[in-house]
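Beneath this line is the structure, given in structure tokens, with notes to follow.
The values are calculated or read from the model by the stated rules, or taken from the named source; none is laboratory data. Note that the structure is predicted; figures quoted are calculated from it, not measured. All Cβ positions, even for glycine, are placed from backbone atoms using ideal geometry, and neighbour counts span all protein chains on display. Keep in mind that these areas ignore ligands, DNA and RNA; they rest on the heavy atoms of the full protein, side chains included. Shrake-Rupley method; radii C 1.70, N 1.55, O 1.52, S 1.80 Å.
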Amino acid sequence: AVVSPPSLREFVTAVGRHQGKDVLDKNKVMIENERLIQLSQVQDSITWLVLYVSGFIDDLQNDKELTDQLPPKVMEDCRIRLGERMSELTSLTHDCMMVLYLEVRVHCYFHLLQVLRKQDYKPDTENSDPDTGVTLLNKFYYEMEEKIKDYLPATHTKFLFEGLGYVMSAIVIDNACNIKEINSAGIKKMSRNILALQQNLTNITLTCELELERARFYYELLYLKPEEILRRIVEQEKRFTKKEYSELLQLYFRSYKSKKSAKDLERYTKQLDEIVNLQ
């Protein structure tokens with residue numbers, strides 16, 4: 001059986017606590033795919049051993065000739081000890097899967113934070129290519145999935161990548177506060193990054209990964225003026241939290257500075273409070 005993953009909400013909460021801090025140290029991430037593949041091989045080998053020995057225990061209990069030759073206490077002690085060792089090995093396979101599960105998400109965190117904090121989203125010219133960090137992350141996931149599926153059953157591979165779109169979306173949205181400035185070319189670049197992540201993940205999970213659509217829609221709101229953003233909240237359903245809308249307004253005014261920016265931001269933030277409280 002596949003162990004239950006930690007709550008995605010808990011992971012996103014941890015991401016939120018990291019806002020404003022340095023990106024992850026490269027030494028804390030398993031950069032090389034080979035190490036994760038080796039862990040998959042270990043998990044596969046131990047799983048085989050558990051199944052083999054469990055079958056042996058069953059055969060041992062059903063072997064009438066052997067049970068007649070050995071005292072019942074010896075047979076029972078042998079069964080219990082082998083059962084305990086198998087429980088330990090089963091726990092180890094769960095640990096292997098959990099490390100793989102977390103490493104998949106730590107890589108997401110590692111690459112996307114660099115994309116959000118170190119890239120220029122107010123360029124003079126448009127560039128249709130995804131950022132390097134997005135390309136590297138997609139390459140890592142593609143190569144990992146291609147190799148580990150030789151050692152892990154489909155249910156285990158699905159377990160590793162399931163819900164990853166939610167994590168990506170949360171990181172991209174929650175770290176809007178770390179983008180210094182953005183213009184229309186930068187918004188297009190962000191949309192291209194999100195689309196590249198979505199296409200790659202969809203090819204792995206064979207699902208639409210609609211959570212990433214939410215992230216793309218979030219940044220495309222910046223094409224609108226603040227009053228249009230607030231009007232959309234009133235006219236359409238609220239798709240984001242009050243904090244997320246607030247961060248979006250702050251990013252807008254960081255990007256389009258004027259002498260009245262501080263006062264305008266304060267006014268629009270107050271209007272946002274009123275609109276959200278009425279809904």
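Within segment 246-269, residues that are open to solvent by 60 Å² or more (accessible area, probe 1.4 Å) reach partners that are of a type in the set (D, E, K, R) and part of a helix (DSSP H, G or I) with beta carbons closer than 8 Å, at six or more positions or on different chains, in the pairs 258/264.
Of all residues in segment 227-241, none satisfies being more than 30 Å from residue 270 (Cβ to Cβ) and out of contact with any Lys or Arg (no Cβ under 6 Å at 6 or more places or on another chain).
Every residue, every condition in (1) over 16 Å from residue 101 (Cβ atoms); (2) not hydrophobic (A, V, I, L, M, F, W, C), yes or no:
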{"position": "118", "(1), (2)": "yes, yes"}
{"position": "131", "(1), (2)": "yes, yes"}
{"position": "156", "(1), (2)": "no, yes"}
{"position": "182", "(1), (2)": "yes, no"}
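Among the residues of segment 132-174, those that are of a type in the set (Asp, Glu) and touching a residue at least 12 places away in the same chain (Cβ under 8 Å) comprise 143, 145, 162, 174. Among the conditions (1) more than 19 Å from residue 137 (Cα to Cα); (2) modelled with pLDDT of 95 or more; (3) in contact with a Lys or Arg (Cβ under 6 Å, 6 or more places away or on another chain), residue 178 misses just one, which is (2). For segment 163-207, filtering for residues that are surrounded by fewer than 17 Cβ atoms within 10 Å (Cβ to Cβ), in contact with a Gly (Cβ under 9 Å, 6 or more places away or on another chain) and outside any helix (DSSP H, G or I) leaves 1.
For segment 144-162, name all the residues that are part of a helix (DSSP H, G or I) and either open to solvent by less than 60 Å² (accessible area, probe 1.4 Å) or among the aromatic types (Phe, Trp, Tyr) (or both). Before the answer, list the steps.
Filtering segment 144-162 down to residues part of a helix (DSSP H, G or I) leaves 144-148, 154-161.
The answer is 144, 145, 148, 156, 157, 159, 160, 161.
Enumerate the helices (runs of 4 or more DSSP H) found wholly within segment 18-135, keeping only those where 1 or more residues are at pLDDT 90 or above and surrounded by 12 or more Cβ atoms within 10 Å (Cβ to Cβ).
Values: elements: 33-62, 64-69, 72-118.
Those helices (runs of 4 or more DSSP H) span 33-62, 72-118.
Against the conditions (1) at pLDDT 95 or above; (2) among the hydroxyl-bearing types (Ser, Thr, Tyr); (3) under 30 Å from residue 163 (Cα atoms); (4) open to solvent by less than 90 Å² (accessible area, probe 1.4 Å), residue 223 satisfies every one except (4).
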